[in-house]
1. Scan (1) modelled with pLDDT of 95 or more; (2) assigned to a loop (DSSP other than H, G, I, E, B); (3) under 21 Å from Ala160 (Cβ atoms) for the single condition Ala193 breaks and write down its number.
2. Looking for whichever is of a type outside the set (D, E, K, R), modelled with pLDDT of 70 or more and closer than 30 Å to Val153 by Cβ here; the options are Gln87, Gln44, Gln48. Which one fits?
3. Please tell me if Thr234 is among the polar types (S, T, N, Q), touching a residue at least 24 places away in the same chain (Cβ under 8 Å) and under 30 Å from Arg144 (Cβ atoms).
4. Which one is nearest to Thr234 (Cα to Cα) among residues in the stretch 112-152 that are in contact with a helix residue (DSSP H, G or I) (Cβ under 9 Å, 6 or more places away or on another chain) and basic (Lys, Arg)?
5. Helices (runs of 4 or more DSSP H) wholly in the stretch 196-305 with at least 3 residues that are open to solvent by 70 Å² or more (accessible area, probe 1.4 Å) and at pLDDT 90 or above - which ones?
6. Taking interchain pairs and intrachain pairs at least six residues apart, which have beta carbon atoms under 7 angstrom, with the first residue in the stretch 208-219 and more than 15 Å from Ile99 (Cβ to Cβ) and the second charged (D, E, K, R) and assigned to a helix (DSSP H, G or I)?
7. Please determine, by comparing only the residues of the stretch 211-232 that are over 24 Å from the mean Cα position of the chain (by Cα) and small (Gly, Ala, Ser), which one is nearest to Lys105 (Cα to Cα).
Amino acid sequence: FIEESADADVSKCTISTTGSPGRKSHCEPWHDYIQSKASSLSAQRIYQDLVREHGFDASYESVKRYVKKINDKGELPFRRMETLPGQEVQVDYGSGARIYDTNGKYKKTHLFRIVLSCSRKGYSEASYTQSTENFIRALENAFRYFGGVPECVVVDNLKAAVKKADLYDPDLNPKLRDFARHYGTCIMPTKVAMPRHKGKVENSVGYVQENALKGRKFGSLQKQNEFLRYWESTIADTRIHGTTKSQVVTMFEEEKPLLKPLSPTLFEMFAETKRKVHRDGHVEVKKAYYSVPPEYSRREVWVRY
């Protein structure tokens, strides 16, 4: 705690983690010794060595408290951040239900989950891969399902979205950059190994796995996704959310008008490849030939199709 009067100079306040305000621990004279041992030895062992080697005459509890204070990293608690309606969605992946064929063989699926940070309205979609194409189509399907577009999309550093992770200047997949421009939104990757930056969807993935998919089998990917849509509208939307204490569908009805309008056209998916221009000024792409300006003759070029 911090003890100070209403008009006190903060630099003069007394900070204490144990005992009475301003009271020094009996362990202070052996601070360097205890600190050097705290990460590898127990408080009991440190106390025993202090008594035997240094004639320490205070109690074991004093050493125990002091070691605990040293080992405490002192990180500030992470407080939940609420967002304005229409401002943000969070995206994550988990394991979906298996798809079984008539012979009993199965395929694993990936569960895409996206949640509006304000209302907690969600959308789920299963796919066989986490390719960039599947990721973008799932995002697009979610926007169409919500009937609008959020200001920003928070993702982790999955390969489908981020080519190179960086806290200040992440290298996004070119297709995802174009997708964001098409829908007028912003892609915001989280800090590496920091799942709490998208905590709303982290818990939501587990909710879908436990409540909707656990113990279920599906004969096709289409049937799994149809069931997820049904479950979303009949179970997930009608629940009273544990954090907001409000019904999800009711909050979504208030948030939906504040989402940005959808683009009138779907995003055109593309592929890119390197090709060498022939002497006649043409490049071959998927068994078809296309002319390019003559100055590119015999040069390598990138082709988007």
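The values are calculated or read from the model by the stated rules, or taken from the named source; none is laboratory data. This one's a predicted model, so the numbers in the text were calculated from it and none came from an experiment. Using ideal geometry, Cβ is built from the backbone for each residue, glycine included, and neighbour counts are taken over all protein chains shown. Just the protein is used for accessible areas: all its heavy atoms, side chains included, with ligands, DNA and RNA removed. Shrake-Rupley method; radii C 1.70, N 1.55, O 1.52, S 1.80 Å.
1. (1)
2. Going through Gln87, Gln44, Gln48 in turn, the sole match is Gln87.
3. On the way: among the polar types (S, T, N, Q): yes; touching a residue at least 24 places away in the same chain (Cβ under 8 Å): no; under 30 Å from Arg144 (Cβ atoms): yes.
So Thr234 does not fit the description; no.
4. The residue in question is Lys121.
5. 221-231
6. none
7. Gly219
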